[in-house]
């Protein structure tokens with residue numbers, strides 16, 4: 001079993017490198033979903049939403065918390081689906 005906790009950020013290498021050739025996003029934010037599911041044997045299953053994020057957004061999470069970044073996503077209408085061309089929300093505030 002792997003334990004992630006409530007939420008966690010991950011970088012692609014150290015220092016972070018782009019996740020793909022077509023984006024500057026280089027990190028991930030994994031956020032626990034509130035919905036709880038149990039297997040037939042009664043053991044819990046936890047689902048996470050995983051967002052590719054920019055290095056500056058990763059730093060923002062480290063300085064604040066994941067909820068603060070998610071609030072910026074809502075404020076600037078960042079979709080839940082991956083958009084490799086989406087703006088870095090830390091540059092919009």
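Residue under question is residue 13, and the condition is that it be on the phi < 0 side of the Ramachandran plot, surrounded by fewer than 16 Cβ atoms within 10 Å (Cβ to Cβ) and out of contact with any strand residue (DSSP E or B) (no Cβ under 8 Å at 6 or more places or on another chain); does it hold?
Working: on the phi < 0 side of the Ramachandran plot: no; surrounded by fewer than 16 Cβ atoms within 10 Å (Cβ to Cβ): yes; out of contact with any strand residue (DSSP E or B) (no Cβ under 8 Å at 6 or more places or on another chain): yes.
In short, no.
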Would you be able to tell me the number of residues in the range 63-74 that are part of a helix (DSSP H, G or I) and free of Cβ contacts under 8 Å to residues at least 24 places away in the same chain?
-> 7
Restricting attention to the range 69-93, report how many residues are surrounded by 12 or more Cβ atoms within 10 Å (Cβ to Cβ) and within 21 Å of residue 32 (Cβ to Cβ).
-> 8
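Can you name every residue in the range 25-62 that is outside any strand (DSSP E or B) and exposed (fewer than 13 other Cβ atoms within 10 Å of the Cβ)? I'd like the intermediate steps shown before the answer.
The initial filter retains those residues of the range 25-62 that are outside any strand (DSSP E or B), namely 25-26, 39-43, 54-62.
39, 40, 41, 42, 43, 62 - these are the residues of the range 25-62 that are outside any strand (DSSP E or B) and exposed (fewer than 13 other Cβ atoms within 10 Å of the Cβ).
Here, each number is a calculation from the coordinates, and none is a lab measurement. Keep in mind it's a predicted model, so treat the numbers as computed, not measured. Here Cβ is always computed from backbone atoms with ideal geometry, including for glycine, and neighbour counts include all displayed protein chains.
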